[in-house]
Amino acid sequence: MESDDAALLRRVARGDSGALTRLYQAHSGRLFGYLLRLAGDRMTAEEILQDTMLAVWRSAGTYAGGSTVTTWLFGVARRQAYNRLRGAPPPSPTEPLDRADPAPGPDELAIAAAGGTPVAGAIGELPDHHREVIGLVFVAGLPLAEVAAVLGVPVGTVKSRLHHARAALARTLATQGVPE
């Protein structure tokens, strides 16, 4: 599938809008879930996703193959989100977090995989940078090196965040009396 994505990205670089549509269809669900977590509200996440796809259209030719297309797309989405959200007030906590696409992002999948159990609640209480790593590693299944590339941090930082996230989950669950 990754070679198909690379071929699609090469076609996008040549101006093939159909290839961009196929790339969007393949990745928009996970990207939207990720952006929703970063933005905190549906409309902003949708706008950032559109900004992301526009940036992909404009910069597809810069993809050098140093990472997977998925990693590259998550990196583009993350940069677009931070560009958009820089200096923006935090979203209203009362706004419902519904989705335009039924496919949730990595961190939502991690919480859903816990099935409403105490683990899900504990994951929901983690700081954003820990939830982001948990979702990208355990749900999206990205290798640590790719998570590092998406987040723009060294692999050691990813490992550290993952370690601290696991420790925080263990502490939270222990205080709730959940056995190991």
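With all protein chains in place and a 1.4 Å probe, the accessible surface of the range 1-81 carries 49 percent carbon and sulfur. Net charge in the neighbourhood of residue 55 (other residues with Cβ under 12 Å of its Cβ; Lys, Arg +1, Asp, Glu -1) is +3.
Around residue 17, what is the net charge, scoring Lys/Arg as +1 and Asp/Glu as -1 over all other residues with Cβ under 15 Å from its Cβ? Around residue 17, the surrounding residues sum to +4. The Rg/Rh ratio for the range 18-67, using Cα coordinates for both the radius of gyration and the Kirkwood hydrodynamic radius, is 1.00.
Gyration tensor analysis over the Cα atoms of the range 1-44 returns equivalent ellipsoid semi-axes of 25, 11, 7 Å (largest first, whole Å).
Averaged per residue, the range 36-86 has 47 square angstrom of accessible surface, using a 1.4 angstrom probe with ligands and nucleic acids left out. Protection proxy ranking for 65-78, 10-23, using the average of other Cβ atoms within 10 Å per residue and placing the highest first: 65-78, 10-23.
The values are calculated or read from the model by the stated rules, or taken from the named source; none is laboratory data. The model shown is predicted, which means the values in this text are computed figures rather than measured ones. Glycine gets a Cβ as well: all are built from the backbone with ideal geometry, and neighbour counts include every protein chain shown. Keep in mind that these areas ignore ligands, DNA and RNA; they rest on the heavy atoms of the full protein, side chains included. Shrake-Rupley method; radii C 1.70, N 1.55, O 1.52, S 1.80 Å.
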